[in-house]
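Here's the structure we're looking at; comments come further down.
Derivation of every value follows stated rules applied to the coordinates shown; laboratory data play no part. Every value quoted in this text rests on a predicted model; they were computed, and no experiment measured them. Note that each Cβ is placed from the backbone with ideal geometry, even for glycine, and that neighbours are counted across all protein chains shown.
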Amino acid sequence: MYTIIIHYDRGETFRRLLLRIGEIRSLLPAHAKIMALTATATAALRMEVSKIVGMRDELVVSISPCKSNIMYSMIKFSTLTETFQPIVKKLLQDGADCPRAVVYCKFLKDCADIYEFFKDSLGANFTIPANAPTSVLEFRLVDMFMSCTDQEVKDSIIKLFSKTSNLRVIVATMAFGMEIDCPNVCQVIHYGSPSDVESYVQETGRAGRDGLPSMAVLLTNVGRTRHMEKSMSEYVTNETVCRRDILFNNFDNYSRVYSGPLCLCCDVCAKSCTCSLCSINHSSFFF
Ligand SMILES: [Zn+2]
Ligand SMILES: [Zn+2]
């Protein structure tokens with residue numbers, strides 16, 4: 001058995017590498033079986049990949065990446081203070097009992113600015129115990145994870161975020177990626193939109209792995225936007241259709257089976273919910 005791994009980058013390299021798989025297939029006996037696996041791919045991408053690698057009448061086994069315990073919402077960003085102060089307040093109040101969150105940024109500078117905001121706002125309480133040396137990762141409540149972060153530091157952050165520790169918030173770029181499986185993240189916040197729905201679903205899917213109610217918040221109006229694919233742009237500009245439907249209709253096997261309160265589905269559905277939970281302000285974070 002041979003295993004070929006291709007890291008998905010959406011560009012020409014990706015297509016060129018996939019074409020090579022087609023070449024390899026031509027060297028194999030006709031009865032050789034090929035299995036292609038992916039974590040998150042839209043139906044359109046899956047069909048494109050099948051075509052490029054020369055699959056015909058393939059058996060497709062897929063499940064929708066939609067998780068009913070994640071609420072999707074969009075919030076217009078105004079200032080770091082207005083957006084993140086509720087999290088600072090909760091960190092000051094609950095310390096290491098505060099629910100965990102990941103803040104995704106597209107740009108390194110945003111990542112650094114948001115991390116510094118938390119550090120400044122928390123002051124002496126940036127660490128547990130208060131006023132402990134901030135250079136010791138184990139003391140910190142908030143940390144930063146970028147592609148340029150030292151591998152040793154990256155490994156320590158992932159380890160701390162995966163077990164009982166002080167670490168509550170990670171401010172990260174997309175480098176905080178595929179191999180991450182932290183069970184108790186209740187909120188994933190995007191400071192600006194990813195360019196495609198696959199990335200958005202993968203990154204928001206890091207919330208609620210323990211099955212508990214979680215939230216995926218997309219902050220818009222952050223100033224800079226990179227090229228956005230049509231499906232992601234539809235998600236971002238939508239104001240009337242359920243966000244869950246808009247997002248997961250891009251993927252195989254999605255059928256609306258959400259049966260919880262509308263206010264825990266998405267901010268669009270929340271507008272027409274009349275359940276007893278509706279007293280909670282859903283335009284805000286869980287914190
Ligand atoms: Zn909805
Ligand atoms: Zn409700």
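Need the full-extension length gain, Ser255 to Asp210, defined as separation in residues times 0.36 nm minus the C-alpha distance. One decimal, nm. Working it through step by step, the gained length comes to 13.9 nm. In this rough spin-label picture, where each label sits 7 Å from Cα along the Cβ direction, the Thr237-Val60 distance is 2.6 nm.
The label point for Ser135 and the one for Asn221, both projected 7 Å from the Cα toward the Cβ, are 4.2 nm apart.
Relative to the compact-globule estimate of 2.2 N^0.38 Å, the Cα radius of gyration of the range 179-270 comes out at 1.08. Residue order for Phe145, Phe107, fewest other beta carbons within 10 angstrom first, comes to Phe107, Phe145.
Helix 108-122 and the long axis of the chain differ in direction by around 30°, with both axes built from C-alpha atoms.
In this structure, the amide hydrogen of Thr220, modeled 1.01 Å from its nitrogen in the peptide plane, lies closer than 5 angstrom to those of Ile75, Lys76, Phe77, counting only residues at least 5 positions away or on a different chain. What the Cβ-Cβ distance of Lys51 and Lys109 gives, at R0 = 45 Å and to the nearest 0.05, is a FRET efficiency of 0.70.
In terms of distances greater than 24 angstrom between alpha carbons, the cross-link table entries Lys109/Lys154; Lys51/Lys106; Lys109/Lys163; Lys76/Lys271 yield Lys51/Lys106; Lys109/Lys163. Taking the three principal axes of the alpha carbon atoms in the range 70-279, the coordinate ranges are 49, 40, 31 Å, sorted in descending order. In plain terms, the chain is cut at each of the trypsin sites (Lys or Arg not before Pro) found in a DSSP loop with at most 13 other Cβ atoms within 10 Å, and the longest leftover piece is 57-162.
Placing R0 at 51 angstrom, the Cβ-Cβ distance between Leu28 and Cys275 gives a FRET efficiency of 0.35 after rounding to 0.05.
The phi torsions of the range 92-102, fed into the Karplus equation with coefficients 6.51, -1.76 and 1.60 and a -60° offset, translate into couplings of 5, 6, 10, x, 6, 9, 5, x, 7, 9, 10 Hz, rounded to whole numbers, with Gly and Pro shown as x. The distance between label points at Ser162 and Asp120 comes to 3.5 nm (points 7 Å beyond Cα on the Cα→Cβ vector).
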